[in-house]
Every structure is written in structure tokens, then in C-alpha cells.
Amino acid sequence: MTFEDPSVTSESDRLEKFLQEDHVRLYGRDLKDRIEEGGFACEMLSTESLPLAEQELYSLKTLLYREIFVGRKPAQ
């Protein structure tokens with residue numbers, strides 16, 4: 001589930017809660033639903049399904065990133 005807390009406003013608190021000073025949320029697996037609500041098709045992939053070279057290229061070899069979300073604008 002996405003974690004948001006608008007009361008967190010200081011850079012130090014954001015770093016602690018959201019892992020970066022300028023972030024205001026940490027997305028969860030519900031990101032797929034949020035993307036689809038915006039009118040896009042979305043696929044959730046396991047980072048482990050990607051070739052090792054891509055995992056390393058995109059810095060996905062970490063426990064923090066287990067899924068990636070691929071959003072596509074539907075064909076019209």
C-alpha cells in the first residue's frame with residue numbers, strides 16, 4: 001500500500017519516512033491501480049524477471065525495488 005503523510009514537511013523527516021528529502025510518498029503495489037485510474041494500461045513486473053544486466057543498469061538489484069510498473073497509453 002502507498003504510504004503518504006502530508007504532515008511530514010521537513011527535509012530530515014521526509015528523508016526518514018520517504019527515503020529522500022524531496023519525496024512526499026512511498027508507492028506500494030496499489031500504484032498499478034493508480035496508473036490504470038489515469039487511463040493507462042499497466043503491467044507489474046518482478047525485477048527478478050529482468051536480465052541481470054538490466055537490473056544492474058537501472059539499479060534494481062536491491063530489496064527496495066522488487067516490482068516495476070510499466071504504464072502504456074492505450075491505442076486509440
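The values are calculated or read from the model by the stated rules, or taken from the named source; none is laboratory data. Every value quoted in this text rests on a predicted model; they were computed, and no experiment measured them. Heads up, the Cβs are rebuilt from the backbone with ideal geometry, glycines too, and the neighbour counts pull from every protein chain shown. When the accessible area is computed, the model is the full protein with side chains, heavy atoms only, and any ligands, DNA or RNA have been set aside. Shrake-Rupley method; radii C 1.70, N 1.55, O 1.52, S 1.80 Å.
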(message) Just to be sure I understand the filter: pairs with C-beta atoms under 8 Å, separated by 6 or more residues or on different chains, first member in the range 1-12 and open to solvent by less than 80 Å² (accessible area, probe 1.4 Å), second member hydroxyl-bearing (Ser, Thr, Tyr). Which pairs pass?
(response) 2/27
(message) All but one of (1) assigned to a loop (DSSP other than H, G, I, E, B); (2) open to solvent by 70 Å² or more (accessible area, probe 1.4 Å); (3) over 23 Å from residue 6 (Cβ atoms) hold for residue 54; state the number of the condition that does not hold.
(response) (1)
(request) Determine whether residue 62 is of a type outside the set (Gly, Ala, Ser), at pLDDT below 90 and open to solvent by less than 100 Å² (accessible area, probe 1.4 Å). (result) yes
(request) Confirm whether residue 71 is farther than 27 Å from residue 7 by Cβ, part of a loop (DSSP other than H, G, I, E, B), open to solvent by less than 50 Å² (accessible area, probe 1.4 Å) and out of contact with any Ser or Thr (no Cβ under 7 Å at 6 or more places or on another chain). (result) no
(request) Can you work out which of the residues in the range 13-32 that are loosely packed, with under 12 Cβ neighbours inside 10 Å and of a type in the set (D, E, K, R) is nearest to residue 67 (Cα to Cα)? (result) 30
(request) Please identify the pairs in which a residue from the range 26-40 that is in a loop (DSSP other than H, G, I, E, B) has its Cβ atom under 8 Å from the Cβ atom of a residue that is β-branched (Val, Ile, Thr) and open to solvent by less than 60 Å² (accessible area, probe 1.4 Å), counting only partners at least 6 apart or on another chain. (result) 27/2; 28/2; 30/2
(message) Of everything in the range 11-33, what is under 21 Å from residue 73 (Cα atoms) and over 11 Å from the mean Cα position of the chain (by Cα)? Give them in sequence order.
(response) 33
